[in-house]
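The values are calculated or read from the model by the stated rules, or taken from the named source; none is laboratory data. All of these numbers come straight from a predicted model, not from anything done at the bench. Counting neighbours? That spans all protein chains shown, and the Cβs are built from the backbone with ideal geometry, glycine included. Ligands, DNA and RNA are excluded from the accessible area calculation, which covers all protein heavy atoms including side chains. Shrake-Rupley method; radii C 1.70, N 1.55, O 1.52, S 1.80 Å.
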Amino acid sequence: MQVPEMSSHTDGAGTSSDQSRQRSQAPATDSHAAELERLNEEIRRVATRATRLLEVTAALSEAQSVEDVTSVVLTKGLSIVEAARGVLVSVEGNRIHLLGARGLSPGLLSQLDTVTWETEVPVVQALRKGEMISIESAEEFREKYGGVVQGFEELADMQTYIATPLVHAGETVGAMALHFKEAAAVGASDRTFTLLLAQAAATALHRARTYDAELNKRRSAELLAQAREDVLGVVAHDLRNPLNLIQMTAELMIDEELPIERRKQMLGIAVRAAKQMNRLIEDLLDTVRLQAGRLSLDIEAVSVETIVRQADEIFRPLAEKRHLRFEAAGDVGTVRADLSRVSQVVGNLIGNAIKFTPENGSVRLRATCDDKQVEFQVTDDGPGISSDSVPHLFDSFWQARLSDRRGVGLGLTIAKGIVEAHGGRMWVESAIGAGSTFHFTLPTFS
């Protein structure tokens, strides 16, 4: 039987149909391959970020201080979530404290350091709402926050803004704000990584704050123990001498045959020793009050002329007795001060100047004024103070001349503390062979 031959038309038609089907399937196959490649790339990206997030979590678990946590979050943490800028704040009671930021100008940083619960910025809004908030365009950010904080409009150059509270065991410990260049940052995986970073940061911040609090307690305890040892040392050494004098003179005065003149002499020694002990005890008490922040001040309007005049009346006779020239001048308005305490400061500075200035030298008290403060200066022609000693002058129980036991090294510490309690400051300018000038300021009365 003869098999019929297929026509060329049929072959042509069949070939043409197959080619047509192949051409129609090719775009679909290419599209599927591209989609598969995109999914694979996203999986690789997520896997890489997950690995790096584990590294960040490990770094946060090792961070001991709040400063360490802040550094990790604003460097490695921002890199993980691919944020261009970041802000981290902590919450302590009713106060919001800026821990740090990356990508912000110094001026804006100082502005953000003053935010309160009422400030309308994303990081504070996230705290108030207790949930993540997002702004998905520069236009939306500019519209909502452009005029809220001075300079804040400079941040409206991103595509996505996210702020989220940091919550540990139900307690809000802070908040984090992130700025992204790409709009993709609002995707599900991006939000997930942001939330994971926020959770790790919250845990680390809570732990670090506890660590810092314990560290501060330990430091305070160490300082208290050292201060106690210092005080005991002073009491043991410096109170012993006047106490021994009082005991010795009392024993001598028991002798009924002691001549009257000698009895008066012994009584004078005992009185001076008692005054020395009383002055030392007052210095120790003032030091304790200053360290505890309990120094009481009776603030009133005090004329500078009164301060200068009293100093002149008290110290001019002492200076003349030591053959020193003494000058006191300055009638430059009124200060907000406790007159008794300021006189204590002036007396300490002038007393030291007279004590260390050689005969025929001079000691000067001057006062000058600007709109906000009065500056007092006590200058002497003494031997001066070495640059190595200057940083220690205001330390407790420190003396440049270890052999000099005319004081216990508390006077300048107390004087500086009194000035600072008034809202002023104290400093010194000195050089070997060129004398010294002690400065301190007090706020003007207005």
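Here the extension length gained between Leu258 and Glu62 equals 62.9 nm, from 0.36 nm per residue of separation less the Cα-Cα distance.
Take the Cβ atoms of Asp298 and Lys372, set R0 to 25 Å, and the FRET efficiency comes out at 0.70.
Classify segment 56-96: rounded, prolate or oblate, from the alpha-carbon gyration tensor (a ≥ b ≥ c, eigenvalue square roots; a/c under 1.5 rounded; otherwise prolate if a/b is larger than b/c)?
On the way: a/c = 2.91, a/b = 1.30, b/c = 2.24.
Oblate, since a/c reaches 1.5 and b/c is not below a/b.
Listed by chain and number, the aspartates and glutamates whose alpha-carbon sits under 15 Å from that of Lys129, ignoring those within fewer than 8 places in the same chain, are Glu118, Glu120, Glu171. Computed with a 1.4 Å probe on the full set of protein chains, the accessible area for Lys264 sits at about 120 Å².
Legend: distances between Cα atoms for Lys76/Lys217; Lys76/Lys144; Lys275/Lys321; pairs beyond 25 Å are Lys76/Lys217; Lys76/Lys144. Put a dot 7 Å past the Cα of Thr306, heading toward its Cβ, do the same for Glu154, and the two dots end up 4.8 nm apart.
Note on segment 318-360: with charges restricted to the Cβ of Lys and Arg (+1) and Asp and Glu (-1), its dipole about the Cα centre is near 140 debye. With semi-axes defined as the square roots of five times the eigenvalues of the C-alpha gyration tensor, the equivalent ellipsoid of segment 56-161 measures 23, 17, 13 Å, largest first. Sorted into 10 angstrom bins from 0, the C-alpha pair distances of segment 301-400 split as 15, 43, 33, 9 percent.
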